[in-house]
Amino acid sequence: MTHETLFDPIRKKEVPATPEEHVRQATVRYLLDVVKVPEHLIAVEFPLSSIDVKTADRVDILVHNFRAGAPLNKPWLLVECKAPGEYTWPVLQQQLNKYLQILTPNYVMLALGDCVRYFELDSVTHRFKKIECLPVFG
């Protein structure tokens, strides 16, 4: 029995081709090719324990904001990916809210299959507002 794999250009290894991994890898390609995020600033399956030792949670994709001098807990982008049909938007939002207790990203991207929602942190209200797309990185 053969198991299909996908090459993850960030982790530099083959990973099982689960439905969620297909969404994750499509998102990585989008970030690299369209948003123009440098590869070295992207973390896949980022362990939140590196910020808060009390959690074992992992963020699907994190884009660090080191260029702006931001600390680890203030990334440029937080991405949560789910396979279509496995989750609903409210469940995805609930998971995101848990991460937002630890992280303060400039942007959030939620990918539920090929349906995507983008949000930007409003610097005045400190709330996330929906936006049409992510800006080009830089």
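The values are calculated or read from the model by the stated rules, or taken from the named source; none is laboratory data. On a predicted model such as this, the values are computed, not experimentally measured, just so you know. Virtual Cβ from ideal backbone geometry, glycine too; neighbours counted across all protein chains shown.
If the condition is being free of Cβ contacts under 8 Å to residues at least 40 places away in the same chain and within 14 Å of the chain's Cα centre (by Cα), then segment 81-101 contributes Leu92, Gln93, Gln95, Leu96, Asn97, Leu100. Being aliphatic (A, V, I, L, M), under 15 Å from the mean Cα position of the chain (by Cα), surrounded by 14 or more Cβ atoms within 10 Å (Cβ to Cβ) and more than 20 Å from Pro135 (Cβ to Cβ) is a property that Val23 has. Test Val34 against the stated conditions and say whether it is among the aliphatic types (A, V, I, L, M), modelled with pLDDT of 95 or more, surrounded by fewer than 14 Cβ atoms within 10 Å (Cβ to Cβ) and out of contact with any Asp or Glu (no Cβ under 8 Å at 6 or more places or on another chain). Against the criterion (among the aliphatic types (A, V, I, L, M), modelled with pLDDT of 95 or more, surrounded by fewer than 14 Cβ atoms within 10 Å (Cβ to Cβ) and out of contact with any Asp or Glu (no Cβ under 8 Å at 6 or more places or on another chain)), Val34 qualifies. In segment 102-123, the residues that are more than 9 Å from Leu78 (Cβ to Cβ) and modelled with pLDDT of 95 or more form Cβ pairs under 9 Å with partners that are in a loop (DSSP other than H, G, I, E, B) and among the β-branched types (Val, Ile, Thr), at six or more places apart or across chains, as follows: Ile102/Ile51; Ile102/Thr55; Leu121/Thr104. Annotation: Val35 fulfils all but one of (1) closer than 21 Å to Glu132 by Cα; (2) part of a strand (DSSP E or B); (3) of a type in the set (A, V, I, L, M, F, W, C); the unmet one is (2).
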